[in-house]
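The values are calculated or read from the model by the stated rules, or taken from the named source; none is laboratory data. Everything numeric here is computed off the predicted structure, so don't read it as measured data. Every residue, glycine among them, receives a Cβ derived from its backbone with ideal geometry; neighbour counts consider all protein chains shown.
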Amino acid sequence: MTEQKSRRRFLKLAVAASTLPLLEKIAREPAYADLPLLTVDNPQATGLSYVEDATTSGHALYKAGNNCSNCQLFTAETGACSLFPGFAVAPEGWCAAWMKRA
């Protein structure tokens, strides 16, 4: 029985060791490498009244000072917004889903 446990342990270690190079590669690559900038004519952007310059928004929910860079959904390191996967948004932009950063 100890031989079976030793074999299982060896196999677990071998599998773990073989996945380390792959995990290292994934960890080094940014999640959103060189994302294209979201355009206002994107259907989801249009639905959320996205504008690239918050000061030009005429939406009833817009309040001066609110923009993507101070929204909870925005990631400054990548320029990504969790509402628009695969796209970067303008930090000075705004949409109707804006949420105050906690």
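How many residues are among the basic types (K, R) and modelled with pLDDT of 95 or more if we restrict to region 23-69? First the steps, then the outcome.
At the first step, the residues of region 23-69 found to be among the basic types (K, R) are 25, 28, 63.
Then drop every residue that is not modelled with pLDDT of 95 or more, which leaves 63.
Total satisfying the criteria: 1.
Looking at region 78-102, which of its residues are part of a loop (DSSP other than H, G, I, E, B), more than 8 Å from the chain's Cα centre (by Cα) and free of Cβ contacts under 8 Å to residues at least 40 places away in the same chain?
Selection gives L83, P91, W98, M99, R101, A102.
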